[in-house]
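Worksheet: the structure to be examined is printed underneath.
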Amino acid sequence: MSRRRIVPALVAAALATTLLAGCKSNVGVAARVDGKSISESDVNKYVSPNGVASEVAAQAGDQPVSPRAEVLNFLIQERVFEQTLRSLNIRPSAGELAAQHDAAASTLLQTQLAGDDLDRTLDKQLPRSGVRASFRDTFLRVQELEYLLITKRKLTQISELVALVRKAGIEVTVSPRYGTWDAAHLTVSSVSPLPSFVSAQPAGGS
């Protein structure tokens with residue numbers, strides 16, 4: 001074999017190795033936020049093996065409920081809002097975030113439920129949409145982070161929030177298995193703006 005043919009062969013082998021390494025690095029990755037990965041296992045640990053309740057699926061109509069996509073959406077939003085607050089030099093303590101619990105729910109979820117009543121209702125409703133009740137804390141933390149951004153910067157519309165996130169320069173990539181990141185709505189493209197498992201009304205028996 002001539003040297004002329006050996007060099008391209010070596011280049012091709014090197015490129016193949018690089019591509020394979022890239023593929024391996026993405027195995028099990030559901031999304032990345034500024035280079036930090038959210039793994040499939042991070043998502044799966046919150047997905048209930050019982051699936052979506054038949055009545056919830058029926059209510060969704062033409063928009064199928066995807067528990068895994070819903071969970072990933074909030075895991076991404078949690079990091080995006082955290083980093084946006086950090087870019088504004090706002091670093092809330094756990095206590096400061098917890099203090100937003102009721103106001104965040106009232107404003108963002110448009111519910112009259114508050115305190116333990118809200119928590120108990122979510123604990124009942126999340127599993128009906130195929131999401132473990134243990135996801136409740138993360139779900140509420142996202143609302144609290146977003147609400148803090150809104151109040152600290154006196155935002156009045158979604159476009160202002162989007163602009164803050166964009167200014168923070170946060171890069172989000174999502175595995176094609178889930179869709180794409182919709183930066184204009186701060187959501188995964190396969191997820192509706194209001195999660196299917198959120199209801200303004202108490203669950204039965206609450």
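Taken together, the values in this text are just the output of simple stated rules run on the coordinates, not laboratory data. Note that the structure is predicted; figures quoted are calculated from it, not measured. In this analysis, Cβ positions are derived from the backbone assuming ideal geometry, glycine residues included, and neighbour counts consider all displayed protein chains.
Quick one: which residues, 5+ away or cross-chain, put their amide H under 5 Å from the amide H of V29? H built at 1.01 Å from N.
Amide H to amide H, under 5 Å and 5 or more residues apart or across chains, V29 pairs with E40.
With only alpha-carbon atoms counted, please give the Rg and Dmax of region 40-188, in Å.
Computed over the Cα atoms of region 40-188, radius of gyration and Dmax are 15.6, 45 Å.
Straight-line reach only, C-alpha to C-alpha below 20 angstrom: list the lysines that K167 could link to, leaving out same-chain residues fewer than 8 apart.
Filter leaves K36, K152, K154.
Which number do you get for Rg(Cα) / (2.2 N^0.38 Å) in region 89-154?
My calculation over the Cα atoms of region 89-154 gives 1.13.
Lys and Arg at +1, Asp and Glu at -1: add these up for the other residues within a Cβ distance under 14 Å of L118 and post the number. Provide the component values of the computation, followed by the final result.
Details: positive: R120, K124, R136, R141; negative: D102, D116, D117, D119, D123, D137, E144.
Neighbour charge sum, excluding L118 itself: -3.
Give the peptides 65-74, 148-157 in descending order of average Cβ contacts within 10 Å, highest first. Don't skip to the end; give the middle numbers.
Details: 65-74: 23.8, 148-157: 14.4.
Packing order, densest peptide first, comes out as 65-74, 148-157.
First select every other residue whose beta carbon is under 15 angstrom from the beta carbon of Q59; then total the charges, Lys and Arg +1, Asp and Glu -1. Mind dumping the intermediate values first?
Numbers: positive: R128; negative: E55, D62, E70.
The answer is -2.
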